[in-house]
Amino acid sequence: MATLASRPERASIATTLPGRRYDHIFFSGLAALLLITVVAGFGPTYYFAGLYRAPLPSTIIHIHGAVFSCWILLLITQTSLVSAGRVDIHRRLGIAGFALACLMVIVGLLAASNALARNFPPGRDALAFFIVPFTDMIVFPVLIGFAFRARSNPPVHKRIIMVATVALMTAPIARLPIAWLHRKPPMAHLASYLFLLLIIAYDLWSTRKLQRATIWAAAFLVFLQQISAPISRTAAWHAFAAWVQSVAR
């Protein structure tokens with residue numbers, strides 16, 4: 001009897017939960033927050049400095065800025081299309097988005113190697129720092145690959161896409177004029193996890209449970225970023241980065 005009585009109660013709770021009704025608002029808002037973060041971080045040295053007239057050190061860095069900016073703009077476009085009910089265009093544009101993601105990995109590695117050849121950042125161990133963009137270029141394509149595979153499952157697809165984009169937030173966050181963040185990738189990593197917490201909070205609010213995609217994608221991102229610092233101090237990593245530096249030069 002208790003079991004039979006509990007079933008209507010569970011059904012009543014399920015029907016009162018928000019579910020996916022507010023997905024378009026939440027994910028559009030999250031994409032907007034990511035865009036604001038990127039503009040705030042790169043605004044002084046790139047966007048507000050005239051884009052291609054900005055005093056960047058090399059052509060590949062200009063290309064890197066343009067390509068990665070296209071990803072953020074595409075993210076805004078895609079979430080807007082879903083909110084407008086134009087899923088047909090969203091899906092067609094998603095193919096171009098996958099191609100753009102592949103290009104981003106190539107350009108990202110070239111830009112990171114270029115920075116390493118210039119001993120960037122100045123005054124710091126460039127060989128150790130190289131692991132920061134290198135890790136991002138591992139996390140991002142892996143997550144994008146799974147997101148593309150799950151494109152027929154919207155709740156999973158959109159969460160993995162957002163987590164993959166969060167993997168790119170270290171660079172703009174570390175450029176914010178905030179003392180405890182500026183030029184401090186480990187702290188920028190931690191700050192970027194606020195976006196993950198927003199996704200987790202939305203999952204719990206909307207369905208009272210964590211989506212499996214949120215759990216594993218966020219765990220993968222956090223794990224690789226957190227082990228990157230100790231790895232960057234090893235002799236093996238320095239030897240690998242030194243080899244990349246010699247090739248890039």
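Bear in mind these aren't lab numbers, they're just calculated from the coordinates by the rules spelled out. Source: prediction; values computed, not measured. Ideal geometry is used to build each Cβ from the backbone, glycine not excepted, and the neighbour counts take in all protein chains shown.
Relative to the first principal axis of the alpha-carbon coordinates of the chain, what is the inclination of helix 87-117, with its axis defined by its Cα atoms, in degrees from 0 to 90 and to the nearest 10?
Orientation of helix 87-117: about 30 degrees from the principal axis.
Answer with a single label: of (i) 18.1; (ii) 20.0; (iii) 19.5, which was calculated as Kirkwood radius over Cα pairs in Å from the structure in view?
Recomputing Kirkwood radius over Cα pairs in Å here picks out (iii).
State the extension gain, in nm to one decimal, for the chain segment bounded by ASN153 and ALA179, taking 0.36 nm per residue of separation less the distance between their alpha-carbons.
5.3 nm
Return the distance in nm (one decimal) between the two label points of a simple spin-label model at LEU204 and ARG53, each offset 7 Å from Cα along Cα→Cβ.
Going from the LEU204 label point to the ARG53 one covers 4.9 nm.
Label segment 134-204 by shape, choosing from rounded, prolate and oblate, from the square roots a ≥ b ≥ c of the eigenvalues of the Cα gyration tensor; if a/c is under 1.5 it is rounded, and otherwise prolate applies when a/b is larger than b/c, oblate when it is not.
Taking the square roots of the gyration eigenvalues as a ≥ b ≥ c, segment 134-204 is oblate.
Sort 183-193, 164-174 for me by packing, meaning the mean count of neighbouring Cβ atoms within 10 Å per residue, highest on top.
Going by the mean number of other Cβ atoms within 10 Å, highest first, we get 164-174, 183-193.
Measure nothing but the geometry: give the 0 to 90° angle between the long axis through the Cα atoms of 23-42 and the longest principal axis through the Cα atoms of the chain, rounded to 10°.
So the inclination is approximately 20 degrees.
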